[in-house]
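Beneath this line is the structure, given in structure tokens, with notes to follow.
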Amino acid sequence: AQKITQTQPGMFVQEKEAVTLDCTYDTSDQSYGLFWYKQPSSGEMIFLIYQGSYDEQNATEGRYSLNFQKARKSANLVISASQLGDSAMYFCAMRERGYSTLTFGKGTMLLVSP
Amino acid sequence: DAGVIQSPRHEVTEMGQEVTLRCKPISGHNSLFWYRQTMMRGLELLIYFNNNVPIDDSGMPEDRFSAKMPNASFSTLKIQPSEPRDSAVYFCASSLQGQSQHFGDGTRLSIL
């Protein structure tokens, strides 16, 4: 079974609208961390946001927020007020207890149109 | 602040040649990771080091691949001999143990 599932291969959104990118995960650990990374067409991987499994509040970083629903094992990324520069691949990743490594999903391509 | 620095950014070489990819992690970070990204397989962890010691190399595809970290500020990933199926983008990332990983810009490798 995949540990990280991103069911949306591609998403389209108009500029200034909000968009939600889905991520579900599979772990039997109680302690884990969830990450989102952005990869623009230039290729670099940019860390966006982190949510710990014990964090009671949903993580927020500027226009990015993480809709963390622990019981459903989902960690969706919400981008508010989309900008053209948000067009990129977005990867969800998980780090499980006792591991330093990340497991990545397949990614979602987001296209923001004017 | 300097991020993770990888070199070269692009490498094109003929099959059979030795390829060496280089990485300088963020100063102070004690974990270093090598990933490979392809369209078919996505992002795969090849190997990671903690305090310069290889911890998990189970992702290294075969004996043609080797990685070293001789000190806290430098790591190499070597492919010898290279094959066309090794063509991919190779990323290096570093972190403080338990913290978020910061990626370099990647090396785009093409083996002809």
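Among the trypsin sites (Lys or Arg not before Pro) found in the range B:27-112, those both in a DSSP coil and sparsely packed, with 13 or fewer other Cβ atoms within 10 Å of their Cβ, are B:41. Since only B:87, B:45, B:103 are under comparison, the one whose Cα sits farthest along the positive direction of the charge dipole of chain B, derived from C-beta charges on Lys, Arg, Asp and Glu, is B:103. Counted over all Cα-Cα pairs of chain A, pairs farther apart than 20 Å make up 36 percent.
Using a cut-off of 26 Å between alpha-carbon atoms, which lysines can reach residue B:68, once sequence neighbours fewer than 8 places away in the same chain are excluded? List returned: B:24, B:78.
The distance from the alpha carbon centre of the range B:1-45 to that of the range A:1-34 is 25 Å, rounded to a whole number.
If I take every Cα pair under 8 Å that is 6 or more residues apart in chain B, average their sequence separation and divide by the length, what percent do I get for the relative contact order?
Numbers: 281 pairs, mean separation 42.0, N = 112.
With pairs under 8 Å counted, the relative contact order is 38 percent.
What is the fewest-to-most order of B:15, B:69 by other Cβ atoms lying within 10 Å of their Cβ?
Details: B:15 13, B:69 21.
Listed from fewest to most nearby Cβ atoms, that is B:15, B:69.
Among B:31, B:58, B:73, the largest mean-square fluctuation in a Gaussian network model of chain B, built with springs joining Cα atoms closer than 10 Å, belongs to B:58. Evaluated at q = 0.11, 0.14, 0.17 Å⁻¹, the base-10 log of the normalised Debye intensity for chain B, with identical point scatterers placed on the Cα atoms, takes the values -0.30, -0.50, -0.74. By the beta-carbon count within 10 Å of each Cβ, the least crowded to most crowded order of B:103, A:12, fewest first, is A:12, B:103.
Of all the options A:88, A:71, A:18, the one that moves most in a Gaussian network model of chain A with Cα springs shorter than 10 angstrom is A:71.
Of all lysines in the structure, those lying under 28 Å Cα to Cα from residue A:73, and not within fewer than 8 positions of it along the same chain, are A:3, A:38, A:106. I want to verify the translational diffusion coefficient of the protein assembly as shown in µm²/s; compute it with Stokes-Einstein, Rh as the Kirkwood radius over Cα pairs, at 20 °C and 1.002 mPa s. The diffusion coefficient I find is 118 µm²/s.
All of the numbers you see were taken from the coordinates with simple rules; none came from a lab. Remember, it's a predicted structure, so these values are computed and weren't measured experimentally. Every residue, glycine as well, gets a Cβ built from its backbone with ideal geometry; the counts of neighbours run over all protein chains shown.
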